[in-house]
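Worksheet: one structure, shown below.
The values are calculated or read from the model by the stated rules, or taken from the named source; none is laboratory data. Because the structure is a prediction, the values reported are computed rather than measured. Because the Cβ atoms are built from the backbone with ideal geometry, glycine has one as well, and the counts that use them run over all protein chains shown.
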Amino acid sequence: MTNSNFWLILVLGLVFGVVHSTLASSLVKSFAVRVFGQKGSRYYRLFFVITAAITSLAYFAPALLLKDAPLYQIPLPWRYLTLLIQLGAGILAIVALFQTSLLHFSGLSALMGGASVPDRLITNGFYRYTRHPIYLFSLILFWLFPVMTWNRLALAIGVTVYTLIGSLLEERRLAAQFGQEYLDYKRRTPWLIPSPFKRR
């Protein structure tokens, strides 16, 4: 029988996904530009990142703090292997983050006089093998908890659904920004899971 908090965390995930996707939409960005002018365009990314960080904490906190119950645990010595894979996925996610230009990703480039969004499409590094390496490594982290509980399962499900839907919405924005260049990249590069048979 599921823990009652399981459903609460799923609902929180739905709310988080709606809020996050709405703020990331071109419609809201355009509204910010109309209201705040050039500053709205320049600093929106920084506002979005700060808001995303705060709402993420509000979303993750219940999964960690509310009453929980175990589902299963990976026995030793395999638990060490999953922890090692998680550690590797976390390190690779950070490397992929730097490959996107951390200043642009965080919105800090606007404070330093740079462009608020990247002016070139990133297709090297991990982005040569998957269009969403950060999402891939993050999902590995969430699904390889050595001890899985109801709260963690709800969190993993919510993050996965949001990540998959959010990646498709993100691709629409990238196609609008980079046009044919992105469509060509999309055609030759797998969506999430790298494929050894995909020609690059």
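Numerical summary
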item: The stretch 170-197, subset in contact with a helix residue (DSSP H, G or I) (Cβ under 8 Å, 6 or more places away or on another chain), closer than 25 Å to residue 27 by Cα and surrounded by fewer than 14 Cβ atoms within 10 Å (Cβ to Cβ), residue modelled with the lowest pLDDT; result: 176
item: Within the stretch 141-184, tally of residues that are of a type in the set (Val, Ile, Thr), closer than 21 Å to residue 20 by Cβ and in contact (Cβ under 8 Å) with a residue 40 or more places away in the chain; result: 4
item: Of the criteria (1) at pLDDT 90 or above; (2) surrounded by 14 or more Cβ atoms within 10 Å (Cβ to Cβ), which one residue 73 fails; result: (2)
item: Inter-residue pairs, beta-carbon under 7 Å, first over 24 Å from residue 16 (Cβ atoms) and in the stretch 32-53, second of a type in the set (Ser, Thr, Tyr), 6+ apart; result: 33/41; 41/116; 42/116
item: Residue that is nearest to the chain's Cα centre (by Cα) [pool: residues in the stretch 126-140 that are hydrophobic (A, V, I, L, M, F, W, C) and surrounded by fewer than 22 Cβ atoms within 10 Å (Cβ to Cβ)]; result: 134
item: Of all residues in the stretch 143-165 being touching a Gly at 6+ places or on another chain (Cβ under 8 Å) and within 18 Å of residue 73 (Cα to Cα), the one that is surrounded by the fewest Cβ atoms within 10 Å (Cβ to Cβ); result: 157
item: Residues that are surrounded by fewer than 15 Cβ atoms within 10 Å (Cβ to Cβ) and in contact (Cβ under 8 Å) with a residue 24 or more places away in the chain, drawn from the stretch 20-31; result: 25, 26
item: Single condition residue 4 does not satisfy, out of (1) more than 29 Å from residue 66 (Cα to Cα); (2) surrounded by fewer than 15 Cβ atoms within 10 Å (Cβ to Cβ); (3) of a type in the set (S, T, N, Q); result: (1)
